[in-house]
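*Asks:* Take this structure first; my questions come after.
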Amino acid sequence: MSLPSLNGDRLPNSILILAPQGPEYQAIAKGLRPAQQDPHSRFSLQAIPAGSPALVPFLDNLGHTWQQGTKPEALLVMGVTGSLTPSHSIGQPVWVMECEPWPRKAGTGTFTGDANLSQAIAAMLAKDNNLNAPSVKGISVHQVICQASDKKALAQQSGADVVEMENVAILQFAHNQQLPVAILRVVSDSVMHDLPDLNHIYDAQGRLKAWTLALRFLRHP
């Protein structure tokens, strides 16, 4: 499903960054703090719930709050993602240019990010950072994929490079709002290793349950 495309390589004047609440949001907020102190900064940051069940109604409400003059011109999704291929190791930033729900849903095709917006942001970041971020295909799932065997099976079945839980919901929202989207994520776990069981670490509002997460890692470091 194609989304509105950025016209040329000009960065929009207002770009809303969406990041899952918790450690991901906090890390991005810390890095973005100097830019946000600039009254002319084109970037603002919004924490979002993790996972589509809480995220979809949150985005609907967010769209309803936008009044004329407050709606951003583009969206930038940031956060972490799990790798489904040995080619992308922990710490690797990637541009997710294609994404589809998994399992596949009838009537829902592949969503595409905006290439011009991604290139414009990449050029801006390259001025201050050595950003080597390849373009990848992703899938959005309903729960954290913890077992290496499950990741490998997903890669074979879907042909995707990375996996997470929010991209498709955001891309669908952006399509409805007629906004271009770029998705920049960083690989947080590799396809070669198991994670502790990280399911049920979010509450019904998509908020991280910190003590539950800590206990899971204590039991399975």
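*Asks:* Just the residues that are out of contact with any strand residue (DSSP E or B) (no Cβ under 7 Å at 6 or more places or on another chain), assigned to a helix (DSSP H, G or I) and more than 14 Å from Pro101 (Cα to Cα), please, taken from region 123-167.
*Replies:* Once the filter is applied, which keeps residues that are out of contact with any strand residue (DSSP E or B) (no Cβ under 7 Å at 6 or more places or on another chain), assigned to a helix (DSSP H, G or I) and more than 14 Å from Pro101 (Cα to Cα), region 123-167 yields Ala123, Met124, Leu125, Ala126, Ala148, Ser149, Asp150, Lys152, Ala153, Gln156.
*Asks:* So, Ala174, is that one modelled with pLDDT of 65 or more, in a helix (DSSP H, G or I), crowded, with 21+ Cβ neighbours inside 10 Å and touching a strand residue (DSSP E or B) at 6+ places or on another chain (Cβ under 7 Å) or not?
*Replies:* Against the criterion (modelled with pLDDT of 65 or more, in a helix (DSSP H, G or I), crowded, with 21+ Cβ neighbours inside 10 Å and touching a strand residue (DSSP E or B) at 6+ places or on another chain (Cβ under 7 Å)), Ala174 qualifies.
*Asks:* May I pose another question? For region 51-87, which residues satisfy the criterion of being open to solvent by less than 20 Å² (accessible area, probe 1.4 Å) and within 24 Å of Ser135 (Cβ to Cβ)?
*Replies:* Matches in region 51-87: Leu55, Pro72, Ala74, Leu75, Leu76, Val77, Gly79, Thr81, Gly82, Ser83, Leu84.
*Asks:* Do you know which residues across region 133-160 are open to solvent by less than 50 Å² (accessible area, probe 1.4 Å), at pLDDT below 90 and not β-branched (Val, Ile, Thr)?
*Replies:* Cys146
*Asks:* Follow-up. Can you name every residue in region 121-132 that is surrounded by fewer than 20 Cβ atoms within 10 Å (Cβ to Cβ) and either under 18 Å from the mean Cα position of the chain (by Cα) or touching a residue at least 12 places away in the same chain (Cβ under 8 Å) (or both)?
*Replies:* Residues satisfying the conditions are Ala122, Ala123, Met124, Leu125, Leu131, Asn132.
*Asks:* Enumerate the pairs (first residue in region 1-21 and within 25 Å of Pro49 (Cα to Cα) and modelled with pLDDT under 55; second residue anywhere and among the small types (Gly, Ala, Ser) and in a loop (DSSP other than H, G, I, E, B)) with beta-carbon separation below 8 Å, excluding pairs fewer than 6 apart on the same chain, so at least 6 apart or on different chains.
*Replies:* Leu3/Gly113
The values are calculated or read from the model by the stated rules, or taken from the named source; none is laboratory data. As the structure is a prediction and not an experimental result, all values here were calculated from the model. Note that we place each Cβ from the backbone using ideal geometry, even for glycine, and neighbour counts take in every protein chain shown. Areas reflect the complete protein model, heavy atoms only, side chains present, ligands, DNA and RNA absent. Shrake-Rupley method; radii C 1.70, N 1.55, O 1.52, S 1.80 Å.
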